[in-house]
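Down below is the structure, laid out as structure tokens.
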């Protein structure tokens, strides 16, 4: 979701969209990141409580999370140049 908000901010040249996207990223990092072992939690409930200690699965892998974060970083860079 934050990727889409940042994309819209760039497409529309609307700086008001940056703050909600960054808040969403901070919120996700605070609740979805595994502080003990690193990496993203595998599966969370909607209230961000851990649903299972498994960190991998068919729909989660090394490719998707880093790619989304890289795209957010690139979009923010495009807005500052």
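The values are calculated or read from the model by the stated rules, or taken from the named source; none is laboratory data. Keep in mind that this is a model prediction, so the values were computed, not measured. Every residue, glycine as well, gets a Cβ built from its backbone with ideal geometry; the counts of neighbours run over all protein chains shown.
Of all the residues that make up the range 40-67, how many are loosely packed, with under 14 Cβ neighbours inside 10 Å and modelled with pLDDT of 75 or more? Show your work before the answer.
Taking the range 40-67 as the starting set, the residues that turn out to be loosely packed, with under 14 Cβ neighbours inside 10 Å are 45-49, 51-54, 56-59, 61-67.
Okay, now just the ones that are also modelled with pLDDT of 75 or more, so 45-49, 51-54, 66-67.
Of the residues in the range 40-67, 11 are loosely packed, with under 14 Cβ neighbours inside 10 Å and modelled with pLDDT of 75 or more.
So which residues in the range 3-50 are assigned to a loop (DSSP other than H, G, I, E, B) and under 22 Å from residue 76 (Cα atoms)?
Of all residues in the range 3-50, those assigned to a loop (DSSP other than H, G, I, E, B) come to 13-14, 34-39, 41-42, 45-49.
13, 14 - these are the residues of the range 3-50 that are assigned to a loop (DSSP other than H, G, I, E, B) and under 22 Å from residue 76 (Cα atoms).
Enumerate the pairs (first residue in the range 34-53 and on the phi < 0 side of the Ramachandran plot; second residue anywhere and at pLDDT 85 or above and assigned to a loop (DSSP other than H, G, I, E, B)) with beta-carbon separation below 9 Å, excluding pairs fewer than 6 apart on the same chain, so at least 6 apart or on different chains.
51/45
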